1. In percent, what relative contact order does segment 1-106 have, based on Cα pairs under 8 Å that are 6 or more apart in sequence?
2. In what sequence, highest mean first, do 10-16, 94-100, 71-77 appear when ranked by Cβ atoms within 10 angstrom?
3. Per the Kirkwood treatment, what hydrodynamic radius in Å, one decimal, follows for segment 69-122 from the mean inverse distance over all distinct Cα pairs?
4. So how far, in whole Å, is the C-alpha centre of segment 1-20 from the one of segment 57-122?
5. What helices does the chain have that are whole DSSP H segments, at least 30 Å long along their own axis by Cα, and with mean Kyte-Doolittle hydropathy of 1.0 or more?
6. In debye to the nearest 20, how big a dipole does the chain give about its Cα centre with +1 on each Lys and Arg Cβ and -1 on each Asp and Glu Cβ?
7. Express the accessible area of the chain per residue in Å², computed with a 1.4 Å probe while the remaining protein chains stay in the model.
8. Ranked highest first by the average count of other Cβ atoms within 10 Å around their residues, in what order do 83-93, 109-119 fall?
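The values are calculated or read from the model by the stated rules, or taken from the named source; none is laboratory data. Computed from a prediction, not measured in an experiment: that's the story for all the values here. As a convention, Cβ positions derive from the backbone with ideal geometry for all residues, glycine included, and neighbour counts pool all protein chains shown. The protein model used for the area step is the full one, side chains on, heavy atoms only, and it has no ligands, DNA or RNA in it. Shrake-Rupley method; radii C 1.70, N 1.55, O 1.52, S 1.80 Å.
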Amino acid sequence: GLTYYDFKRNSLSKWFDTILFGVVGLVGLLLLLLWIATDHKAAANNFNLLWAFPAHAVVLFWFWKSNKPQWFVTYFKVTSLVLFALLTFWALLPQDLNVFLIPLVILLLIRSWIINRLCKLI
């Protein structure tokens, strides 16, 4: 509903995107840390990093800038494409991802696409 409202008024709900991508980015940083910095066999080669990008935690700072750089728009276009590919090939991945993550991945995909579209207009 919020995404539809944002699309109709050609504006972003920065607070929602900051919380959503911030939490997902922190989860991604944790997964990356478990994969690289520790010897946990269960955390190695974790395909959850396909939806929990650690870079989301860094990109958050540009949500609040009025003049967003071109790479910001490109970042969310690439994010949309990766999330779409993830949803398309979900059943073919070598690691079984929890199916209850699919609504979250769809939400991330839609918000990434909206950010990409609306930042081009602004």
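1. Relative CO of segment 1-106 lands at 25 percent.
2. 71-77, 10-16, 94-100
3. For segment 69-122, the Kirkwood estimate is 11.8 Å.
4. 14 Å
5. Numbers: long enough: 14-36 (31 Å, 2.02).
Helices meeting the criterion: 14-36.
6. The dipole magnitude comes to about 580 debye.
7. 61 Å²
8. Packing proxy ranking, top to bottom: 109-119, 83-93.
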